[in-house]
1. Find the residue count for the stretch 93-104, including only residues that are in contact (Cβ under 8 Å) with a residue 60 or more places away in the chain and in a helix (DSSP H, G or I).
2. Return a yes/no flag: does the stretch 87-106 have any residue that is at pLDDT below 95, surrounded by fewer than 18 Cβ atoms within 10 Å (Cβ to Cβ), under 16 Å from the mean Cα position of the chain (by Cα) and over 20 Å from His3 (Cα atoms).
3. Would a scan of the stretch 200-213 turn up a residue that is loosely packed, with under 15 Cβ neighbours inside 10 Å and under 17 Å from the mean Cα position of the chain (by Cα)?
4. Name the residues in the stretch 18-39 that are surrounded by fewer than 20 Cβ atoms within 10 Å (Cβ to Cβ) and of a type in the set (Gly, Ala, Ser), would you?
5. From the residues in the stretch 1-45 that are of a type in the set (Val, Ile, Thr) and in contact with a Leu (Cβ under 8 Å, 6 or more places away or on another chain), which one is farthest from Val63 (Cα to Cα)?
6. Name the single residue that is nearest to the chain's Cα centre (by Cα) among those in the stretch 22-78 being among the β-branched types (Val, Ile, Thr) and in a helix (DSSP H, G or I).
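The values are calculated or read from the model by the stated rules, or taken from the named source; none is laboratory data. Values in this document were obtained by computation on a predicted structure and should not be read as measured data. A quick note on method: Cβ atoms are made from the backbone with ideal geometry, for glycine too, and the neighbour counts reach across all protein chains shown.
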Amino acid sequence: MIHDLLLFDLDGTLSDPLQGIGRSINHALEQHGHRPRPLAELGTCVGPPLAQIFTGLTGEQDVERYIASYRERYGTIGYTENTLYQGVAPTLDALRDAGIAMAVCTSKRADFAERILERFGLHRHFTFVDGGDGSAHKREQVAALRGRGAVGDATLMIGDRATDLVAAHDNRLQAAGVLWGYGSRVELSAEQPRYLFASPGEWLDLVPPHTPLP
């Protein structure tokens, strides 16, 4: 196989989290005296670390209280306000049955990510789930994975935002973009990914020839 591990982003790649993330952001903003934002304006908040999101929305640098309020709602209801993209589940089933190693690297906290994956019945597909702490950038997460030997030159990072592709390239991983999430084709193409996928079913093209598929 060209790739020894498929390393998936979660939000905007495997599932659409905008309602839960957006409503939890607005909960935090309102808790601390800011007006809520229309959900349609919060698509850019899918992917980046929470500290970056709240600094951008409030202009403040010390945003720990916003993050705490966000997690208060997200941890009880926000993580359930999430929709799996069509085609993701059967494609992951087929990849697993073909013996393809897979893992998740997301900016959200690992326990939240694991709850979401369990809710969709997907957790069993992944050898590990790596999460962020609200402030670390994706490139730092991937660097830590690289440092402990969990990923390497043949790993393919798959995500919907330029930050995913930059994290891969900065750590000498291969990179692929998906076109159904929150990053545009222009944003993704600018980072020169090895692949741009138009649907989850195209991930099956990564399976080596002559490997049986269910």
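1. Of the residues in the stretch 93-104, the ones in contact (Cβ under 8 Å) with a residue 60 or more places away in the chain are 93-95, 97-104.
Remaining after also requiring in a helix (DSSP H, G or I): 93-95, 97.
Residues that pass the stated criteria total 4.
2. no
3. Within the stretch 200-213 (the criterion being loosely packed, with under 15 Cβ neighbours inside 10 Å and under 17 Å from the mean Cα position of the chain (by Cα)), the answer is no, since none of the residues qualifies.
4. Gly33
5. In the first step, residues of the stretch 1-45 are kept if they are of a type in the set (Val, Ile, Thr); the result is 2, 13, 21, 25, 44.
Narrowing the set further to residues that are in contact with a Leu (Cβ under 8 Å, 6 or more places away or on another chain) leaves 2, 21, 25.
On the way: Ile2: 42, Ile21: 16, Ile25: 12 Å.
Here the residue is Ile2.
6. To start, the set of residues in the stretch 22-78 that are among the β-branched types (Val, Ile, Thr) comprises 25, 44, 46, 53, 55, 58, 63, 67, 76-77.
Restricting the remaining residues to those that are in a helix (DSSP H, G or I) gives 25, 44, 53, 55, 58, 67.
Working: Ile25: 17, Thr44: 13, Ile53: 15, Thr55: 20, Thr58: 24, Ile67: 18 Å.
Per the criteria, the residue is Thr44.
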